[in-house]
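Structure first, commentary second.
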Amino acid sequence: MEQMSATPVAVQNSPSAAKKTLIAIAIILAMAISFFLGRSTAPTAAPAEDPSAPAGESQTQQAAPQQPGPEFAPSLEDPQLLEVVRAEPKRDENDTRALGDPNAPVVMVAFEDFSCPMCTVFFENVYPELQGFVTAGELRIEFRDLSIFPNYGSDKAARGARAAANQGKFWEFTETAYSEAGAGNHPTYDDARVLEIAEKISVADMAKFEADYNSEEIANAVQDETHYALATLGITGTPFFIINDTVISGARPADYFIKTIENQLELAK
């Protein structure tokens, strides 16, 4: 997971501070799960030979059994935290950056940065595997900007995606940007690169696209959504996902997302 340096969150008597504290706790829990999953699947070192054993006699030791990692993200249990995460889906039928039925039983709110390598991993390896849930009306995906790498031009890509969304091409822009990002590196965007993607996806009105892309309104929207995620929710890394009553921090395997969605579908019945 791509992360910025986190600052300890003090508990204050305000709704925003409460949200920040609660989501920070969720991030810590998600990272802890990831840590223990990594430990459970790490290779075990070969046992050392006992120097007291007779020459030529090999010593074999049985490695301790490994504990399997969690198969899916568990539902959060704290009532205040549940209140926060349940408030995030908008279910707005006019949201041009959302994919799927507004009334789908499961909503994934995805906080992404266009220059984040792990966001690229998600869009390349996981996102295609979720389309069956979207087509079946079981899952809705709502995109949120969290542009923490403006030094790589991720805010420019976010502005381009919003300009494309104004012409019904948000997901085409986003999918193309991530598919051409390249593995393992921070994708870099400038004005020319953004326009190139827009032309590649056949945006109908390029003059409108450029005007929207350069507009103060869209620039402010990207900044405001990023600030909300950072300052109000306390999310400091991308990608980050709220899926009904649970959260996933980082790019996990597709099967982990699938099982999490299936579990939330079952709980939503």
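Less than 10 Å Cβ to Cβ from Ser202, Lys/Arg counted +1 and Asp/Glu -1: what total charge do the surrounding residues give? Intermediate values should be presented prior to the final figure.
Details: positive: Lys169, Lys200; negative: Glu172, Glu199.
With Lys, Arg at +1 and Asp, Glu at -1, the neighbours total 0.
Within 13 Å, Cβ to Cβ, of Gly182, how many net charges do the neighbouring residues add up to if Lys/Arg are +1 and Asp/Glu are -1?
In short, -1.
Net charge within 14 Å of Ala73 by Cβ-Cβ distance, Lys/Arg positive one each and Asp/Glu negative one each, not counting Ala73 itself? Provide the component values of the computation, followed by the final result.
Details: positive: Arg252, Lys259; negative: Glu71, Glu77, Asp245, Asp255, Glu262, Glu266.
Around Ala73, the charge tally is -4.
How many percent of Cα pairs in the range 93-155 exceed 12 Å? Show your work: numbers first, answer last.
Details: 1357 of 1953 pairs.
Here the tail beyond 12 Å accounts for 69 percent of pairs.
Along the Cα→Cβ direction, 7 angstrom out, place labels at Glu124 and Lys208. What is the inter-label distance in nm?
3.4
Determine the dipole magnitude for the range 138-198: charges of +1 sit on the beta-carbon of Lys and Arg, -1 on that of Asp and Glu, nothing else is charged, the reference point is the Cα centre, and the result goes in debye to the nearest 20. Provide the component values of the computation, followed by the final result.
On the way: 7 positive and 10 negative charges, 31 e Å.
Roughly 160 debye, rounded to the nearest 20.
Please report the accessible area of Arg252 (heavy atoms, 1.4 Å probe, ligands and nucleic acids excluded) in Å², nearest 10.
About 30 Å², ignoring ligands and nucleic acids.
With charges set only on the Cβ (+1 for Lys and Arg, -1 for Asp and Glu), what does the dipole of the range 190-250 come to about its Cα centre, in debye to the nearest 20?
Working: 3 positive and 12 negative charges, 56 e Å.
The dipole magnitude comes to about 260 debye.
Ordering Glu129, Glu180, Glu142 from largest to smallest accessible area (1.4 angstrom probe), what's the sequence? Before the final figure, lay out the partial values.
Numbers: Glu129 100, Glu180 75, Glu142 0 Å².
Ranked from most to least accessible, the order is Glu129, Glu180, Glu142.
Convert each backbone phi in the range 196-206 into a coupling constant with the Karplus relation 6.51 cos²θ - 1.76 cosθ + 1.60 (shift: θ = phi - 60°), then list the ³J(HN,Hα) values in order as whole Hz, x for Gly and Pro.
Listing the rounded values in order: 4, 5, 4, 5, 5, 8, 6, 4, 5, 10, 5 Hz.
The values are calculated or read from the model by the stated rules, or taken from the named source; none is laboratory data. This is a predicted model, so every value here is computed, not measured. Here the Cβ is made from the backbone with ideal geometry for all residues, glycine too, and neighbour counts use every protein chain on show. Side chains are part of the model used for accessible areas, which takes the heavy atoms of the whole protein and leaves out ligands, DNA and RNA. Shrake-Rupley method; radii C 1.70, N 1.55, O 1.52, S 1.80 Å.
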